[in-house]
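Reviewing the structure listed below.
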Amino acid sequence: MIPSTRVEAWLVRAFNLRQGEGLAVAAGLAMFFLLFCAYFMLRPVRETMGVAGGVDNLQWLFTGTFIVTLIAMPLFGWVASVAPRRQIMPWVYGFFVLNLLGFAVVLWTRPDSVWAGRVFYIWLSVFNLMAISLAWSVLADLFVGEQARRLFALIAGGASLGGLAGPLLGAALVQPLGHGGLLLLAAMLLTASAWMSAWLHRWRDQHPVDEADAASEARRRRPLGGNPFAGLSEVLGSRYLLGVALFVTLLASVSTFLYFEQARMVAEHFPDRTRQTQVFGLIDAVVQGLAILTQVFFTGRIAQRLGVGVLLVGVPLLLALGFLWLALSPVFAVFVVVMVARRAGEYALVRPGREMLYTVLPAEQKYKAKNFNDTVVYRGADALSGWVKRGVDLIADQPSLALCLGAGIALAWAATGGWLARQYRKLEPDGS
């Protein structure tokens, strides 16, 4: 039998942990696993509904998503102002659970309704960013500095595990349960995710980083205050947050260009709706598998030794090359390689690095300004770049032109990431 001390030493070396962090990392992993399992179980359903509504109409769905996001932003701002910080996530997730139950009834009673599919597409697109942004806000609130650099990617491995399990669950259960049954199961997973966030708050109360963190326990029990539009004013009043907004805009634009190419190529190669859902699910599974390996064993060490800049710059540079490759060789196999590299790189490297940027900011900016950037800015960039992509395709009827434009956007994305990494180092308390 292996002595417990040797097991603990192995865990420390393998996962870069410190004493007392094991349970918190497990809870964070579970929080993200449950959330992403719920979302990725439904994501192939959303993609299928988007294709069913017409590939040429996707820009309208993106615009509708942006409008609904604008409506949802002040509602979230109000919740963040009146609810204690430790209760924001349970309140918001509870509202989403009620939404899922309502959609389940609609899809059971009207499974072939195109308009029900479009509404669900928009809702899931809003839910996606808001729910994930809020989960990361909790982490940015509870983990800071060196601890964040070591643990964010490892905890984000739960997102990739959920993203891997979700499509497999969806593919296995969609026939016996139907789309409505999948939504009911997703509601249960989301409820459990909110419970894990509450546990993390209690853990931090019992394990403060220092005396200042121990004093912040009382603040986490109080509402943030302010007004529902504070997120917008916070972003406009900070060069740093405006830089994050630009980074998010360029990221979303690159993602949208590739997303439209994905919809076009899948519609051309796989006209059957069941086959489309399977292809979307397979891509998701490959992406999450690669992301898990990178997050668990490499990302934290890269951030700790080389800094956040590598996480923010590496993937955009790789994507610039990928866009050019796809422009020169526009075949489905090449597209899959580029799409997998983009999404796996974003989950494993870009997302943890982007979330670390918020750890040096005050609590209100971690919740309100972050949510504004992650939802309104992201979906606004989605909508705008969707129309730009559609316009370029109509004018030139040459996908390679849009792909070259995507390469240019990716280079600007990399430059913005480098600037943000320098500003982050200046804002860190220890200056490291």
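The values are calculated or read from the model by the stated rules, or taken from the named source; none is laboratory data. On a predicted model such as this, the values are computed, not experimentally measured, just so you know. Cβ: placed from backbone, ideal geometry, glycine included. Neighbour counts: every protein chain shown. Ligands, DNA and RNA are stripped out before the accessible areas are found, and what is left, the full protein with its side chains, is counted by its heavy atoms. Shrake-Rupley method; radii C 1.70, N 1.55, O 1.52, S 1.80 Å.
Some points to look at:
- Only one of the numbered conditions (1) surrounded by fewer than 17 Cβ atoms within 10 Å (Cβ to Cβ); (2) in contact with a strand residue (DSSP E or B) (Cβ under 8 Å, 6 or more places away or on another chain) is not met by F95, and that is (2).
- Residue in segment 185-192 that is over 13 Å from G28 (Cβ atoms), in contact (Cβ under 8 Å) with a residue 24 or more places away in the chain and of a type in the set (S, T, N, Q) present: yes
- Only listed residue being at pLDDT below 85 and touching a strand residue (DSSP E or B) at 6+ places or on another chain (Cβ under 8 Å), chosen from A83, A72, A52: A83
- Selection within segment 351-366 - out of contact with any Phe, Trp or Tyr (no Cβ under 9 Å at 6 or more places or on another chain) and part of a helix (DSSP H, G or I): A363, E364
- Looking at A153, A116, A165, just one residue is of a type outside the set (F, W, Y) and buried (at least 23 other Cβ atoms within 10 Å of the Cβ), and that residue is A153.
- Failed item in (1) at pLDDT 70 or above; (2) open to solvent by 10 Å² or more (accessible area, probe 1.4 Å), with V244 passing the rest: (2)
- Pairing residues of segment 125-150 that are in contact (Cβ under 8 Å) with a residue 60 or more places away in the chain with residues that are open to solvent by 10 Å² or more (accessible area, probe 1.4 Å) and among the basic types (K, R), at Cβ distances under 7 Å and at least 6 apart in sequence or on separate chains, gives L129/R379; S137/K366; A140/K366; D141/R85; D141/K366.
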